[in-house]
1. Test of understanding: what is the full-extension gain from LEU84 to ARG45, defined as 0.36 nm times their sequence separation minus their Cα-Cα distance?
2. Mind ranking THR114, THR5, THR169 by accessible surface for me, highest first, 1.4 Å probe?
3. Work from the charge dipole of the stretch 1-117 (Cβ charges, +1 for Lys and Arg, -1 for Asp and Glu, about the Cα centre) and give the residue of ALA34, VAL7, LEU78 farthest towards its positive end.
4. Can you tell me the length gained on complete extension of the stretch PHE146 to TRP38, counting 0.36 nm per residue apart and subtracting the Cα distance?
5. Can you bin the stretch 3-46 into rounded, prolate or oblate? Criterion: square roots of the alpha carbon gyration tensor eigenvalues sorted a ≥ b ≥ c, rounded for a/c under 1.5, prolate for a/b above b/c, oblate for the rest.
6. Hey, if we sort ARG147, ARG52 by accessible area with the 1.4 Å probe, largest down, what's the order?
7. At a probe size of 1.4 Å, how large is the accessible area of GLU142, to the nearest 10 Å²?
8. Using a 1.4 angstrom probe on the protein heavy atoms only, line up LEU8, LEU78 by accessible area, largest first.
Amino acid sequence: MTAPTAVLREMRWWDIAPVLELEHELFPEDAWSAGMFWSELAHARGPHASRRYVVAELPPDSGSAAGSSGRLVGYAGLAASGDLGDVQTIAAAKDQWGTGLGARLLTELLRAATDFECAEVLLEVRVDNTRAQRLYERFGFEPIGFRRGYYQPGNVDALVMRLTDPARTAEPAEPAASATSTPENPETPETPEHPESSETHG
């Protein structure tokens, strides 16, 4: 039986509680607070919106009550300022690793960057999260510098990556045909983050 595919939709205020549960599971050391998500969502609506936040939700089980919602398994957010976009967060539940959900979430953020007329998009990723870096490289992101001690309290450096002209990035390039280096593979225990869970707390 084929596993159900998560549906992407706009994040709303009632999603904050399940998002926080996933946030604390995936980023226990530097998880965002509820207030931070409320603040971001406050800038995501209206004619002067400068944020785009989406969630990924599995359809309800066949035995679920009518009208019930499915399980939230991912979320992502982008901030726009002028012609610059900044990926704030991308996260997928651990049981969704290897399904391509991270790439779908990033694709949605790049569509938002295009809607905001961003000329370039920046993101930060842990320097030890090489598989995440490969995923971003598939989309055309290139490393441009470092932020020392960016991830606290672990004092881990961040690699800053940039994508120019996100409107031209409709689909990511195909990954190398190596089963051991493909970014969609599940993370090994020695690596602290998965490519589909990469967060910016700046």
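The values are calculated or read from the model by the stated rules, or taken from the named source; none is laboratory data. These figures come from a predicted structure and were not determined experimentally. Backbone-built Cβ (ideal geometry, glycine too); neighbour counts: all protein chains shown. These area figures cover heavy atoms from the full protein model, side chains too; ligands, DNA and RNA do not enter into them. Shrake-Rupley method; radii C 1.70, N 1.55, O 1.52, S 1.80 Å.
1. Length difference between fully extended and current span is 12.2 nm.
2. Most to least solvent-accessible, the answer reads THR5, THR114, THR169.
3. The residue sitting most towards the positive pole is VAL7.
4. 36.0 nm
5. It comes out oblate by the Cα gyration axes.
6. These residues rank, largest area first, as ARG147, ARG52.
7. That residue has around 120 Å² of solvent-accessible surface.
8. Sorted by accessible area, descending: LEU8, LEU78.
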